[in-house]
Every structure is written in C-alpha cells, then in structure tokens.
1. Probe 1.4 Å, all protein chains in place: accessible area of LEU41 in Å², nearest 10?
2. What does the accessible area of TYR49 come to, in Å² to the nearest 10, when a probe of 1.4 Å is used?
3. Top to bottom by accessible area (1.4 Å), largest first, where do LEU38, LEU106, LEU97 land?
4. Go ahead and collect, in residue order, the members of segment 130-148 whose backbone nitrogen is under 13 Å from a label point 7 Å along the Cα-Cβ direction of VAL86.
5. Just how much of VAL36 is accessible, in Å², when a 1.4 Å probe is used and the result is rounded to the nearest 10?
Amino acid sequence: TITPALTVTGIATMTERIKMATGKPVIEGMVTVPLVTLTELTSGATVTYTAAQVVGGFISDTITAACAATLPAPASIVTAVPGAVVGSSFLFILKNLAASAIAITLTANGASTIVGTATVAQSNAKIFLAKITNVTATTEAVVFYSIGTMVF
C-alpha cells in the first residue's frame, strides 16, 4: 500500500513509483524494513497486550507464571494501524523469556480469531501475521495467523 494514494500514467518502474509517492530517492535493490518497537514486559498469570504493543511488532515477556495473554480488541488495532483498510496486515513477534518451563497462551478478543498454535513455550518466540478483515465501526475484526516458531 502506498500512502498517500498514487496515480501513475505511462510506464514507470517500481523504483520510480516509490520515488514519486514518497518524494524520496530509492536505491535499486533496496529492501525496506518496517519500523519495529520492542516492548519488554514482566507479566503474571494474565495480561492484556495493548494495540500499540502488538502493532509495534515485538513483545518480549518475562512471564512469572503460566500466562493467559489476551490480544487487544480489534477496534483498538484498527485505530492503531495508520490508514487501516480491509486487508491491511502486519507482523508481530511474541517472545517468552520465562525462567522456567511455563508458556504464554494468546487468547482472541472480541471479533478477533487466531489461526494455528497460540502457545509460546519458554525460550521460544512465535511470529504472527495479523490481518484486518473488517474496519466498520463496532464490527472491526482481525485474524491472527501463527506462522512460525523460533527457539533461542
């Protein structure tokens, strides 16, 4: 998604399109990485992550008990994603830094759903892809896809 909206007439390379949309030069072959905000927490048996923490991209939680972690309400996620539309998506990583063999289990909130494994074991991190599926006020919805686990 290019924001603000971009209208291109004629033939233009992707590099030219990005430069036209952003007004910034682009280096051929450049890979852009989204800005990630690391949130470091120490949670107990329950926690509700905020939209800013989830949309920020990286939550590192040193849990002190087996933890039921609730995702933020879909409405707050839609508000936290700039220019959110149906299909907007972002990645976030949840890292479990527990000192013992205890897990974080994500729980959906409202009209959000989780597809795949929602549990993050000690010394593991899990990558989730969040996709906004509804942006209509009072019926916002987000699907969280579990897409991989990393052991550290």
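1. Roll a 1.4 Å probe over it and LEU41 shows about 40 Å².
2. 0 Å²
3. So, going from the largest accessible area down, we get LEU38, LEU97, LEU106.
4. Of the residues in segment 130-148, 132-137, 139-142 have backbone N under 13 Å from the label point off VAL86.
5. 80 Å²
The values are calculated or read from the model by the stated rules, or taken from the named source; none is laboratory data. In this text the structure is predicted, and so the values were computed from the model without any measurement. Neighbour counts are summed over all protein chains in view; Cβ atoms, including those assigned to glycine, are modelled from backbone coordinates with ideal geometry. Side chains are part of the model used for accessible areas, which takes the heavy atoms of the whole protein and leaves out ligands, DNA and RNA. Shrake-Rupley method; radii C 1.70, N 1.55, O 1.52, S 1.80 Å.
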